[in-house]
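Everything on this sheet refers to the single structure shown next.
The values are calculated or read from the model by the stated rules, or taken from the named source; none is laboratory data. The model shown is predicted, which means the values in this text are computed figures rather than measured ones. Ideal geometry is used to build each Cβ from the backbone, glycine not excepted, and the neighbour counts take in all protein chains shown. Please note that ligands, DNA and RNA were not included when accessible areas were found on the heavy atoms of the full protein model with its side chains. Shrake-Rupley method; radii C 1.70, N 1.55, O 1.52, S 1.80 Å.
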Amino acid sequence: MPPSPLLAEVRTKLRAFHYARRTEEAYVGWIKRYIRYHRNVHPLKLGEPEVVAFLTWLALERRVAASTQNQALAALLFFYRDVLGRELADLGMLPRAREGHRLPVVMTPGEVAKVLGELSGEPRLVGMLLYGGGLRLSEALELRVKDLDFGRGEIWVRRGKGKKDRVTVLPMAAVPELRAHLAKVQVRWRADLGAGVKVGLPDAYEVKHPAAAQEWTWWWVFPAQRVMRKSAGGGKERWHLHTSVVQRAMTAAVKAAGIGKKASCHTLRHSFATHLLEDGGNIRTVQELLGHRDLSTTMIY
């Protein structure tokens with residue numbers, strides 16, 4: 001493993017370039033795996049042959065998807081160029097993972113109802129927003145109180161995929177449960193205020209508007225159970241619910257509902273788009289609700 005100061009520098013550089021938090025975690029994870037693969041040799045002693053060997057192993061031995069291999073390559077290119085200060089030369093004829101062309105898994109409205117019926121608590125509410133608003137899981141978990149407009153029936157997605165903002169539908173079926181949930185969250189917010197716990201803020205927003213870290217409107221709709229200690233300053237802050245909590249609940253719900261499909265949280269987003277089109281929705285509207293840059297991406301439905 002590289003020394004922790006090196007990984008800290010990786011995170012610092014990623015944040016300086018305003019990479020998304022989930023991209024940061026993915027890149028750090030690939031750098032760790034790369035070093036482990038080469039038996040913890042310091043990366044300055046490694047170069048193009050070692051990068052090629054690692055990426056080849058991913059393609060031929062681990063049989064990862066093409067997108068996964070591409071992400072690993074992007075992480076290593078960033079690592080060498082922006083952290084180690086060295087440009088990698090031509091990697092040659094690198095064996096590439098095969099690009100799959102799979103149709104999205106879609107559930108029927110009845111199957112969606114069964115799965116949501118097996119969910120409870122926060123995972124159920126998240127599932128209702130994924131299906132009712134076409135959100136990605138990360139987008140739902142990163143929602144803040146100010147992003148919900150009950151009066152207009154809208155959800156504001158801030159800095160979604162591609163760092164784009166968009167507006168989508170707030171499903172009316174979720175409103176009663178969502179209001180009750182926010183009442184409980186507000187109790188936790190007040191307790192956090194008394195304990196000096198702040199909400200995690202994006203980028204340098206805390207420096208520009210420090211009061212926002214204690215404002216109700218900036219609080220997470222789905223806050224995490226645990227409070228984290230900030231790496232700098234020693235204060236405590238609360239972030240949003242982890243994706244694994246909802247993913248595990250979804251897997252169990254699909255099994256309990258007896259759905260014979262490989263359905264995941266993202267399947268609810270696929271089902272939202274498909275059912276909307278089946279009900280006569282305009283494909284351009286669906287494109288905007290999903291946040292697709294290219295119409296060809298939406299055409300898969």
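Please go through region 116-137 and pick out each residue that is closer than 10 Å to Ala249 by Cβ and either open to solvent by 40 Å² or more (accessible area, probe 1.4 Å) or more than 21 Å from the chain's Cα centre (by Cα) (or both).
Across region 116-137, the qualifying residues are Glu118, Ser120, Gly121, Arg124.
Scanning for something open to solvent by less than 20 Å² (accessible area, probe 1.4 Å) and either among the aromatic types (Phe, Trp, Tyr) or at positive phi (or both), does region 221-228 turn up at least one residue?
Within region 221-228 (the criterion being open to solvent by less than 20 Å² (accessible area, probe 1.4 Å) and either among the aromatic types (Phe, Trp, Tyr) or at positive phi (or both)), the answer is yes, since at least one residue qualifies.
Give me the residue from region 229-242 that is under 26 Å from Asp147 (Cα atoms) and open to solvent by 40 Å² or more (accessible area, probe 1.4 Å) and, out of that set, modelled with the lowest pLDDT.
Only one residue fits best here, namely Lys230.
Just to be sure before I move on: is Thr297 in a helix (DSSP H, G or I), closer than 20 Å to Leu137 by Cβ and without any contact (Cβ under 8 Å) to a residue 40 or more places away in the chain in the structure I sent?
In short, yes.
Yes/no per residue for (1) under 22 Å from Leu276 (Cβ atoms); (2) part of a helix (DSSP H, G or I); (3) in contact (Cβ under 8 Å) with a residue 40 or more places away in the chain:
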position	(1), (2), (3)
Ser138	yes, yes, yes
Arg152	yes, no, no
Thr168	yes, no, yes
Ala173	yes, yes, yes
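Here are some conditions: (1) surrounded by 15 or more Cβ atoms within 10 Å (Cβ to Cβ); (2) at pLDDT below 90. Ala8 meets all but one. Which one does it not meet?
Result: Ala8 fails condition (1) only.
Residue pairs, Cβ under 8 Å, 6 or more apart or interchain, first in region 257-285 and more than 17 Å from Pro171 (Cβ to Cβ), second open to solvent by 60 Å² or more (accessible area, probe 1.4 Å) and hydrophobic (A, V, I, L, M, F, W, C). List them.
Ile283/Met299
Can you tell me which residue in region 243-256 is surrounded by the fewest Cβ atoms within 10 Å (Cβ to Cβ), limited to those that are without any contact (Cβ under 8 Å) to a residue 24 or more places away in the chain and within 16 Å of the chain's Cα centre (by Cα)?
For region 243-256, the residue satisfying everything is Ser244.
Right, Arg15: basic (Lys, Arg) and closer than 20 Å to Arg159 by Cβ or not?
So Arg15 passes the test.
Go through the residues of region 80-89 one by one and say whether even a single one is within 30 Å of Gly160 (Cβ to Cβ), surrounded by fewer than 16 Cβ atoms within 10 Å (Cβ to Cβ) and either in contact with a Gly (Cβ under 6 Å, 6 or more places away or on another chain) or modelled with pLDDT of 90 or more (or both).
yes
Going through region 16-55 one residue at a time, which ones are outside any helix (DSSP H, G or I) and either open to solvent by 40 Å² or more (accessible area, probe 1.4 Å) or of a type in the set (Lys, Arg) (or both)?
Phe17, His18, Tyr19, Arg39, Asn40, Val41, His42
Cβ-Cβ distance below 6 Å, separation of 6 or more or different chains: which pairs start in region 20-46 with a residue that is of a type outside the set (Val, Ile, Thr) and end on one that is in a loop (DSSP other than H, G, I, E, B) and buried (at least 17 other Cβ atoms within 10 Å of the Cβ)?
His38/Leu46
Filter region 56-79 for residues that are open to solvent by 60 Å² or more (accessible area, probe 1.4 Å) and more than 19 Å from Ile35 (Cβ to Cβ) and give the result.
Those that are open to solvent by 60 Å² or more (accessible area, probe 1.4 Å) and more than 19 Å from Ile35 (Cβ to Cβ): Leu60, Arg63, Ser67, Asn70.
Being open to solvent by less than 20 Å² (accessible area, probe 1.4 Å), in a helix (DSSP H, G or I) and within 13 Å of Phe222 (Cβ to Cβ) is the filter here, so list the residues in region 183-202 that pass it.
Scanning region 183-202 gives a single hit, Val185.
Would you be able to tell me the number of residues in region 203-221 that are assigned to a loop (DSSP other than H, G, I, E, B) and either over 16 Å from Met128 (Cβ atoms) or among the small types (Gly, Ala, Ser) (or both)?
Of the residues in that region, 5 qualify.
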